[in-house]
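What follows is calculated from the coordinates using simple rules that are stated; it is not laboratory data. For clarity, every value in this text was computed on a predicted model and none was experimentally measured. We place every Cβ from the backbone using ideal geometry, glycine too, and count neighbours over all the protein chains shown.
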Amino acid sequence: MSFAEEYIAESAEVLRRLDAGVIEELAQLLAGVRARGGRLFILGVGGSAANASHAVNDFRKICGMEAYCPTDNVSELTARTNDEGWASVFESWLRVSRLRAEDCVLVFSVGGGNLEKQVSPNLVSALRYAKSVGAAIGGVIGRADGYTAQVADACVIVPAVNPAHITPHAEAFQAVVWHLLVTHPALKAAETRWESLR
């Protein structure tokens with residue numbers, strides 16, 4: 001098989017192995033947040049930050065859900081990184097946003113944060129703060145051994161079908177999962193543009 005054929009076959013296997021039950025749990029968790037007037041804060045770093053930004057648009061526009069992404073404000077992000085350090089940027093942002101028990105923090109990440117390996121310590125700090133205020137926690141991540149998977153109320157693990165492709169599959173399938181969520185009958189509140197033209 002060519003590389004493209006192998007990669008497509010891996011992607012099909014990831015899709016086959018996704019846990020639909022956990023995705024349903026995440027959909028219900030988010031629907032509950034919206035029903036109680038809570039807000040959704042989506043956290044991600046690198047490619048996952050780009051996914052978080054896109055997902056915020058979809059949750060706001062399609063689901064009518066108040067949603068935010070700290071990395072959309074590059075001025076605040078870089079000021080906090082410069083003045084306070086990278087590990088606290090998300091926690092500080094959530095504190096100023098007055099994160100509360102009615103809200104949800106949703107993490108898009110490959111590893112989900114790991115202090116021992118010093119990978120995405122900002123996610124760990126943010127999730128510790130979220131736990132301290134009683135906010136719901138969700139995740140779409142690529143590793144079951146990260147901090148997000150340990151503390152989340154509902155966490156979708158993108159199956160690792162090839163150890164050489166954990167990052168690209170995790171970030172690609174974040175998009176598959178969030179598009180599934182915003183299309184889910186428990187969350188979808190508005191028709192998407194092309195579908196409305198039928």
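Amide H contacts for residue 143 (H built 1.01 Å from N in the peptide plane; partners 5 or more residues away or on another chain; cut-off under 5 Å): 158.
Between the stretch 90-104 and the stretch 144-196, the alpha-carbon centres lie 22 Å apart.
Provide the net charge surrounding residue 108, with neighbours chosen by a C-beta distance below 14 Å and charges set as Lys +1, Arg +1, Asp -1, Glu -1. That sum, taken over residues with Cβ under 14 Å, equals -2. Placing a pseudo-label 7 Å from each Cα along the Cα-to-Cβ vector at residue 73 and residue 95 gives an inter-label distance of 1.4 nm.
Bridge orientation summary for the chain: considering DSSP beta bridges with both residues in this region, about 5 percent are antiparallel. In this simple spin-label model, placing a label point 7 Å from the Cα along the Cα-to-Cβ direction at both residue 188 and residue 61 gives a separation of 1.6 nm. Take every pair of alpha-carbon atoms less than 8 Å apart whose residues are at least six positions apart; their mean separation over the length of the stretch 125-164 yields a relative contact order of 34 percent. The loop-placed GluC sites (Glu not before Pro) in the stretch 134-198, going by DSSP, that have at most 13 neighbouring Cβ atoms within 10 Å of their Cβ come out as 191.
For the stretch 2-103, calculate the relative contact order in percent as a whole number, restricting contacts to Cα pairs under 8 Å that are 6 or more residues apart. After rounding, I find 24 percent.
Contact order for the chain, expressed relative to its length and based on alpha carbon pairs under 8 Å spaced 6+ residues apart, stands at 25 percent. Candidate cross-link partners of residue 117 among the lysines, defined by an alpha-carbon separation under 23 Å and a same-chain spacing of 8 or more, comprise 131. Cross-link reach is defined here as a Cα-Cα straight distance under 20 Å, omitting same-chain residues fewer than 8 places apart; for residue 61 the lysines meeting it are 188. Please identify the DSSP H helices in the chain that span no less than 18 Å along the helix axis (Cα) and have a mean Kyte-Doolittle hydropathy of 0.5 or more. Span-like helices, by this rule, are 20-35, 166-183. In Å, what Kirkwood hydrodynamic radius results for the chain from the alpha-carbon pair distances? Across the chain, the inverse of the average 1/r is 17.0 Å.
Charged neighbours of residue 77, selected by a Cβ distance under 15 Å, balance to -3 (K, R count +1; D, E count -1).
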